[in-house]
Amino acid sequence: MAEQKPKKKGLNLNRLDMPRQDPKVRITNFNEVALGYTAEMAMEEAERCLECKKPLCVDGCPAEVKIPEFIHLIKEGKFIEASLKIKETNALPAVCGRVCPQEEQCEEVCVLAKKGAPVAIGRLERFVADYEAAQGEAKKPEIAPPTGKKVAVVGSGPAGLTVAADLAVLGHKVTIFEALHKAGGVLVYGIPEFRLPKSIVQREVDYITSLGVELKTDVVVGKTFTVDDLLTEEGYDAVFLGVGAGLPWFMEIPGENLNGVYSANEFLTRSNLMKAYRFPEYDTPICVGKKVAVVGGGNVAMDAVRSALRLGAAEAHIVYRRSRAEMPARAEEIENAEEEGVIFNMLVNPIEILGDENGWVKGMKCIRMELGEPDSSGRRRPVPIEGSEFIMDVDMVIMSIGTGANPLIPSTTPDMEVNKWGYIVADPNTCKTTKKGVFAGGDIIRGAATVILAVGDGKTAAREIHNYLTTGEW
Amino acid sequence: MFEIVAKKEWHPTITEFWVKAPYVAKKHRPGQFMILRINEEGERIPLTIAESNKEEGLIRIIFQKVGKTTFHLGTLNVGDNILDVVGPLGKPTHIENRGTVVCVGGGVGIAPLFPIACGMKEAGNRLITILGARSKDLLIMEDDFKRVSDEIIITTDDGSYGRKGFVTHALEDVLKSQGDKVGEVVGIGPPIMMKFIAKVAEPFGVPLTVSLNSIMVDATGMCGACRVTVGGKTRFVCVDGPEFNGYEVDFDELMMRQSMYKKQEQEALERFKKECPQAFEGIGEVA
């Protein structure tokens, strides 16, 4: 009985779990794994928020979401108002509630985190966004009178959508240019349906177009138009580049061009954007081996390995050259993968992919690693253990070791500086590039990172673009 | 949506469209290609551009029906729309006056060769064209090429038109008789043809450019489906190409990679035959 008595009045450490699909069931479908809170659960969890006078959680949020205020509204059962409160600073609550690494941001600094039970801010954000969507048409903020200024936003991922929404509300005429046939960027081609349903991304995109933003798909800036075309012939007053870091890296080991070797980008694009998991109803095919190895330890690797299972792989492996502690993927995603039966091969590095006589993968030669001294990233450097080579019995390999900058835009914009990795040079406080009138944010200035950092850049860029358009000062 | 404004059937398996795509037409330069997707369920396929009309905003595409998507595309008519057209993609051809240029095209590879041939001619080159097809009825664009070529040689595998034999035989003769004047050979066709063009041309030491048609998804450098080994390095056909030094391309790897989805392609085609038998009218057994 003594256990039930709270140590301190008002301190509830029972962080409420969110219902999820059973692992045995969910690996047979592409439906969302997490099922979300009910209204009762949301109110119960919201009650745990102490509504700190100086909320650390807000400082921990790149999108500056007014966290204690929206949670307060949940306590009162005002779910729609809570959703609108979030949307004052973040146009993508249903997305961020699902894919943000809250444990490294708002929830990490929550005072209750010290007691091991931070308020489930992400789950609450997700709940109110979904609640609002279920009520029908989204309520729109007041839109300022037209300023007569035109802004081109290149890329419709989280950074671009955020810039577009914020500038539209300020009265600017915004056009988003998207290279693919569907808006959403990494949210539609990269993150799988079971983690972020595409209908939710579409809902957020529809909300943004409902603010008056024009969306042009099938336009590859750098090819169909150059940045200079946009600023001159097409008459835009400013350009925002939020094109992501979409160029897949390979390991440059022998056998990487064998049939049955994919980049995670290709594997996920086929499955997510092109809906190859519904082949032949959808025309795009995808190959899935019986024994699949995904090389890498990030969120994208988790998405790929879990997709492979759902597409019918009998065995799905993660192959990672460091140890579990160094894996960059979210703890939650690693747990999900484990529950689903993914096999983790830690401290293992591929050195060659072996092919059969028809050019298909038939195995992967690997070497065991041990951790040495810390490297420049602060993580202990993996070092090969001599003589520990072995062959993994796999018939498909997915490379998920990261992505880099796509040179399409920089190569056609000679007066805009890029760094030695090809990322666009931009002031992180203003998102200004070295070319007048051109701003950039998201992965293309920082390297592959997270959705919420892209949203944060989008907010910064919108503020600075507005300032530039109204004052003319660069 | 991109409207089809003209259609021509070269053969029951080869169709030509003029499609309204003003942005693509405006920027298109020789050597570049585009991506299309017919409808919501469709796959994204790369197609070459045979010509562009910048004033009217039109592009000309000529394609061979080989799988579900191309057979489906062939059923579309004037007034119908293609859901997505993206481009122009890839790097344009490097065009300069090299004296004499030999353009060699095989099958529907003749289509993307046309803008390059025109560009080479405009740059002041003497243009020798070699076009090859399996038989007379499969030969396309002869009249177009006649307009711009200083010399034209047609070959058919079965001898039903022009010279009997392959384009490589004709190329060898040209290089033997006037190889010292030839500044560049451009060869576009099936990989096996390009592989043999490289074999034939190499002893003459003449620069060879080939254009590759690999499997692609986004075609903007994002997926790597199109990767191919060139000069010992992995390159992406969509952004690093589609044109490469013909002596450096690993054509065997290219052919192997093109066969990656053979099984699924066959399955989709069989399914489409049942769904839409009219798309296959006038065609014998499709491989």
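The values are calculated or read from the model by the stated rules, or taken from the named source; none is laboratory data. Note that the structure is predicted; figures quoted are calculated from it, not measured. Cβ atoms come from the backbone with ideal geometry, glycine included; neighbour counts cover every protein chain shown. Accessible surface areas use protein heavy atoms only, side chains included; no ligands, DNA or RNA. Shrake-Rupley method; radii C 1.70, N 1.55, O 1.52, S 1.80 Å.
Results, tabulated for the structure shown:
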{"quantity": "Pairs of Cα atoms farther than 23 Å apart, the range B:100-211, %", "calculated": "16 percent"}
{"quantity": "Eligible aspartates and glutamates near A:K75 by straight Cα distance, threshold 17 Å, same-chain separation 8 or greater", "calculated": "A:E40, A:E44, A:E45, A:E47, A:E51, A:E125, A:D130, A:E132"}
{"quantity": "Gained length - B:I192 relative to B:N81, 0.36 nm times residue gap less alpha-carbon distance", "calculated": "36.6 nm"}
{"quantity": "Label-point separation, B:W10 to B:D158 (7 Å along Cα→Cβ), nm", "calculated": "1.7 nm"}
{"quantity": "Extended-chain gain in nm, criterion 0.36 nm per residue less alpha-carbon gap, A:S377 and A:K24", "calculated": "123.4 nm"}
{"quantity": "Kirkwood Rh and Cα Rg combined as Rg/Rh, the range A:1-147", "calculated": "1.01"}
{"quantity": "With eigenvalues of the C-alpha gyration tensor scaled by 5 and rooted, the range A:13-78, Å", "calculated": "28, 15, 10"}
{"quantity": "Over the range A:174-287, equivalent-ellipsoid semi-axes from the Cα gyration tensor in Å", "calculated": "29, 20, 12"}
{"quantity": "Net charge dipole size for the protein assembly as shown [Lys, Arg +1 and Asp, Glu -1 on Cβ; Debye, nearest 20]", "calculated": "800 debye"}
{"quantity": "Chain-alone versus full-assembly comparison, the range B:202-247, residues with accessible loss of at least 50 Å² (1.4 Å probe)", "calculated": "B:V217, B:T220, B:M222, B:C223, B:R227"}
{"quantity": "Flagged links, alpha-carbon separation over 24 Å, of B:K65/B:K121; A:K182/A:K436; A:K87/A:K459; A:K182/A:K435; A:K66/A:K459", "calculated": "B:K65/B:K121; A:K182/A:K436; A:K182/A:K435"}
{"quantity": "Accessible area (Å², per residue) of the protein assembly as shown, counting only protein heavy atoms and a probe of 1.4 Å", "calculated": "41 Å²"}
{"quantity": "Quarter of Cα convex hull surface for chain B, i.e. mean projection, nm²", "calculated": "14.3 nm²"}
{"quantity": "Estimated FRET transfer efficiency when R0 is 35 angstrom, pair A:E417-A:A331 (beta carbons, to 0.05)", "calculated": "0.40"}
{"quantity": "Additional length obtainable on full extension of the chain from A:N467 to A:E137, 0.36 nm per residue less Cα span", "calculated": "115.7 nm"}
{"quantity": "Peptide A:220-226 - average C-beta neighbours from other chains (10 Å radius)", "calculated": "6"}
{"quantity": "Within the range B:98-112: backbone nitrogen closer than 12 Å to the B:E151 label point (7 Å, Cα to C-beta)", "calculated": "B:100-103"}
{"quantity": "Peptides A:214-226, A:53-65 ordered by average Cβ neighbours within 10 Å, highest first", "calculated": "A:214-226, A:53-65"}
{"quantity": "Pairs from A:K150/A:K420; B:K7/B:K146; B:K7/B:K181; A:K139/A:K432 whose Cα-Cα separation, in the structure shown, is over 29 Å", "calculated": "A:K150/A:K420; B:K7/B:K181; A:K139/A:K432"}
{"quantity": "Value of D in µm² per second that Stokes-Einstein yields for the protein assembly as shown, Kirkwood Rh from Cα pairs, at 37 °C (0.692 mPa s)", "calculated": "117 µm²/s"}
{"quantity": "Nearby aspartates and glutamates by direct alpha-carbon distance to A:K362 (threshold 13 angstrom, same-chain neighbours under 8 apart not counted)", "calculated": "A:E256, A:E352, A:D393, A:D395"}
{"quantity": "In Å, descending, principal axis extents of the Cα set of the range B:1-61", "calculated": "29, 27, 22"}
